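Data first, discussion second: the structure below is written as structure tokens.
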Amino acid sequence: MKNRNESKILKTVELLISDVDGVLTDGQLLISSTGEEFKSFCVEDGTGVAIAKFAKLPIVWLSGRYSKCTTIRAEELGIECCIQGVLDKKNKLPEIMDRFNVKLAQIAYVGDGLVDIPVLEVVGIPISVPNGHDSVKKKSCIITESFGGRGVLNELVEKILKAKSIYEDTLKIMKDVKFK
């Protein structure tokens, strides 16, 4: 479902916060017989993070559950604010807002599960993935085209930067810096 005002809405984003399991992953946890945990992250989301950095669009990961896999991926991508093991995500918002000097109205939050609803109810731009819980989709003004674990972050970064009319310029800057 596409919001007709999607570009106008996304133009106001100054901070993108993402849930992890079910948004950056497909929501499955693979656990080996030795207790090792495995998750699958989309490589294209790494591209989205890199582009966001060149556009100076901060990204925060906010997960209800702690996972070493999430820590490793966040460090690999240079996600400076990765908060894990917090079920009451809404109460982390003041700390995040202070750190990034943004207002609730300037925050886009993408989630998929019931634990995300309190955040979706207060941020300016609540977003769901298509495979999110029905209650989450009802609270969201935008539903991504990408399913969880299939490039949600990359899609949103592209749409936000296009809404701000800086996507192509950002790609050019990235190309000039990274691919001389």
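Just so it is clear, none of the values below were taken in a lab; they were calculated from the coordinates. Note that the coordinates shown come from a computational prediction; the quantities given were computed from them, not determined experimentally. Methodologically, a virtual Cβ is constructed for each residue, glycine included, from the backbone with ideal geometry; neighbour enumeration extends over all protein chains shown.
Could you check region 65-180 for helices (runs of 4 or more DSSP H) lying wholly inside it with 2 or more residues that are in contact (Cβ under 8 Å) with a residue 12 or more places away in the chain and surrounded by 18 or more Cβ atoms within 10 Å (Cβ to Cβ)?
On the way: elements: 68-77, 93-100, 117-120, 134-139, 152-163, 167-178.
Of the helices (runs of 4 or more DSSP H) lying wholly inside region 65-180, those with at least 2 residues that are in contact (Cβ under 8 Å) with a residue 12 or more places away in the chain and surrounded by 18 or more Cβ atoms within 10 Å (Cβ to Cβ) span 68-77, 93-100, 117-120, 134-139, 152-163.
Taking region 50-99, which residues are touching a Gly at 6+ places or on another chain (Cβ under 9 Å) and at positive phi?
Once the filter is applied, which keeps residues that are touching a Gly at 6+ places or on another chain (Cβ under 9 Å) and at positive phi, region 50-99 yields only GLY85.
Can you run down the residue pairs with Cβ atoms below 7 Å, 6 or more apart or on separate chains, where the first is in region 31-49 and on the phi < 0 side of the Ramachandran plot and the partner is assigned to a strand (DSSP E or B) and exposed (fewer than 10 other Cβ atoms within 10 Å of the Cβ)?
Within 7 Å, the pairs are GLU37/ILE31.
Given the structure, is LEU57 part of a loop (DSSP other than H, G, I, E, B) and not small (Gly, Ala, Ser)?
Numbers: part of a loop (DSSP other than H, G, I, E, B): yes; not small (Gly, Ala, Ser): yes.
So LEU57 passes the test.
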